[in-house]
Amino acid sequence: MCWGNANAQVDGFFTSPEYKTDIQEYNKTTKGSNKKRCQMLMKLNHMNDDGEIQYQYVFHAKDTLNRAHLMETVKRWAKTNYKNYEKSTINETDSTAEYTGYFMNVGQVMGAFKAVIINAISYVRIEAKADRIRITATVRHYSLAQGSVSGAKSVLTLPQNVFPYTESSNESTYAQAYINCNLNLITTVGSVLLYLNKNYPSFSAKEKKDDNW
């Protein structure tokens, strides 16, 4: 398993000082034991009120957006990112798109008599306003598949209900999952950002600003 640094194009048509800072802070957590890394990642405070791991940023645009062209670009990103685009699409409107998928094999322990594998159910939501976008990447549940000589079972659990937030069985496997999910989420945001910065052209059409977020 590769637990490298997070890298992203942080400057372009869309920018966010908060995301740039988070990349720098995340990259300070990439060394040490898994327990130490989990402790450092917890301090970044990416657990939301629902017990999910979540990375959310508002990216401001250099010019007023043409939302029709923007959302078409978002759709093209999704088609390149998800093998089954239709199945992964939750909704697409003129200002919002949401997709779901899996981070596969984020944690595993293989033994002679027992195997534990964790996949993570992920969601990406992209929202657009006249002069900015909001990207939210979330892991809502872990899916733990556990097999032994006596059979196999699969269990869904919230990240907050297992290690490192709560004492639990399979702590080393959940530590792997937590580390990998944080990396996958922050790089997913970077993937959307990079694609939009490369492929969304600026248009002159003006839209009335909305200051809700």
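Give the number of residues within segment 120-139 that are in contact with a His (Cβ under 9 Å, 6 or more places away or on another chain), in contact (Cβ under 8 Å) with a residue 60 or more places away in the chain and either aliphatic (A, V, I, L, M) or in a strand (DSSP E or B) (or both). Please lay out each step first, then the result.
Within segment 120-139, the subset in contact with a His (Cβ under 9 Å, 6 or more places away or on another chain) is 120-121, 131-133.
From what's left, in contact (Cβ under 8 Å) with a residue 60 or more places away in the chain: 120, 131-133.
Then keep just the ones that are either aliphatic (A, V, I, L, M) or in a strand (DSSP E or B) (or both); that gives 120, 132-133.
Residues in segment 120-139 being in contact with a His (Cβ under 9 Å, 6 or more places away or on another chain), in contact (Cβ under 8 Å) with a residue 60 or more places away in the chain and either aliphatic (A, V, I, L, M) or in a strand (DSSP E or B) (or both): 3 in total.
Can you pull out the residues in segment 91-101 that are loosely packed, with under 13 Cβ neighbours inside 10 Å and touching a strand residue (DSSP E or B) at 6+ places or on another chain (Cβ under 7 Å)?
Matches in segment 91-101: Asn91 only.
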- Note on Tyr174: of the conditions (1) over 30 Å from Lys75 (Cβ atoms); (2) outside any helix (DSSP H, G or I), unmet is (2)
- Check whether at least one residue in segment 6-18 is under 17 Å from the mean Cα position of the chain (by Cα), closer than 21 Å to Ala128 by Cβ and part of a helix (DSSP H, G or I), and report yes or no. yes
- Item | Among residues of segment 84-119, those that are hydrophobic (A, V, I, L, M, F, W, C), touching a residue at least 24 places away in the same chain (Cβ under 8 Å) and either assigned to a helix (DSSP H, G or I) or under 18 Å from Thr188 (Cβ atoms) (or both), counted | 5
- So which residues in segment 28-83 are part of a loop (DSSP other than H, G, I, E, B), acidic (Asp, Glu) and either open to solvent by 70 Å² or more (accessible area, probe 1.4 Å) or within 18 Å of Gly190 (Cα to Cα) (or both)? Asp49, Asp50
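What residue, of Val116, Val162, Val109, is within 26 Å of Met47 (Cα to Cα), open to solvent by less than 20 Å² (accessible area, probe 1.4 Å), over 21 Å from the mean Cα position of the chain (by Cα) and among the aliphatic types (A, V, I, L, M)?
Values: Val162 fails: over 21 Å from the mean Cα position of the chain (by Cα); Val109 fails: open to solvent by less than 20 Å² (accessible area, probe 1.4 Å).
Among Val116, Val162, Val109, only Val116 is within 26 Å of Met47 (Cα to Cα), open to solvent by less than 20 Å² (accessible area, probe 1.4 Å), over 21 Å from the mean Cα position of the chain (by Cα) and among the aliphatic types (A, V, I, L, M).
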- Item | Members of segment 40-58 that are over 18 Å from Ile135 (Cα atoms) and without any contact (Cβ under 8 Å) to a residue 40 or more places away in the chain | Met40, Lys43
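The values are calculated or read from the model by the stated rules, or taken from the named source; none is laboratory data. Since this is a predicted model, take the numbers as computed values, not measurements. Ideal geometry is used to build each Cβ from the backbone, glycine not excepted, and the neighbour counts take in all protein chains shown. Please note that ligands, DNA and RNA were not included when accessible areas were found on the heavy atoms of the full protein model with its side chains. Shrake-Rupley method; radii C 1.70, N 1.55, O 1.52, S 1.80 Å.
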